[in-house]
Amino acid sequence: MKVGICLITKNCYGPYLTDWLQYHTDLGVDVFYIYDNISNPSVQDTIGSQIKDFNVMLSTIEGECAQLTAYNHCIKNIKDNKLIRCDRLAFIDDDEYIACENNDIKKTLEKYNEHSGLGINWLMYGSSGIKNRNSISQRKKFTHHSITNIEPKNFFWNLSWRFNIFEFKII
């Protein structure tokens, strides 16, 4: 099974993006489709030397509310074999980290093979009292989060994992 993540970002702090890529690579993600929404500095300039290390497919996109455009572009280009193909695809942000059993996304996903989509709950993290940006890993410095027994219907992130979807639309 080949797993990918589609991400749109704007002005992501370089050390945070590198940490995010490393975390998800260690989890078992094979390919990252990153859409840079005219960042300053650009994602290319921020992590350029690491793009091949993390198997990043980098595209530029421009505009307000470009998230759905980026996601739909990614889906279409994977289906059309213009981007590296993957079997499962997550759509998350650069400040979101997927956590799964045994720190192995592929083993976790095997349990849901018969399902075309998967939703996961999420926790909201606060500032943990930090007032200034620094290069310490987000996962190490932001430790205070919402309670863990929140009902799923309240904080739920929908991930589309298989390619039986056609496009994202605002309803």
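The values are calculated or read from the model by the stated rules, or taken from the named source; none is laboratory data. Here the structure is a predicted model, which is why all the values come from computation and not from measurement. Virtual Cβ from ideal backbone geometry, glycine too; neighbours counted across all protein chains shown. To get the accessible areas, we keep the full protein, side chains included, count just its heavy atoms, and leave off ligands, DNA and RNA. Shrake-Rupley method; radii C 1.70, N 1.55, O 1.52, S 1.80 Å.
When the residues of segment 122-148 are filtered to those that are open to solvent by 90 Å² or more (accessible area, probe 1.4 Å) and over 22 Å from Thr25 (Cβ atoms), the one that is modelled with the lowest pLDDT is Thr148. Inside segment 1-41, residues that are free of Cβ contacts under 8 Å to residues at least 40 places away in the same chain, open to solvent by 30 Å² or more (accessible area, probe 1.4 Å) and more than 20 Å from Ala99 (Cβ to Cβ) make up a count of 5. When restricted to residues that are in contact with a Phe, Trp or Tyr (Cβ under 8 Å, 6 or more places away or on another chain), assigned to a helix (DSSP H, G or I) and surrounded by fewer than 15 Cβ atoms within 10 Å (Cβ to Cβ), segment 66-109 contains 2.
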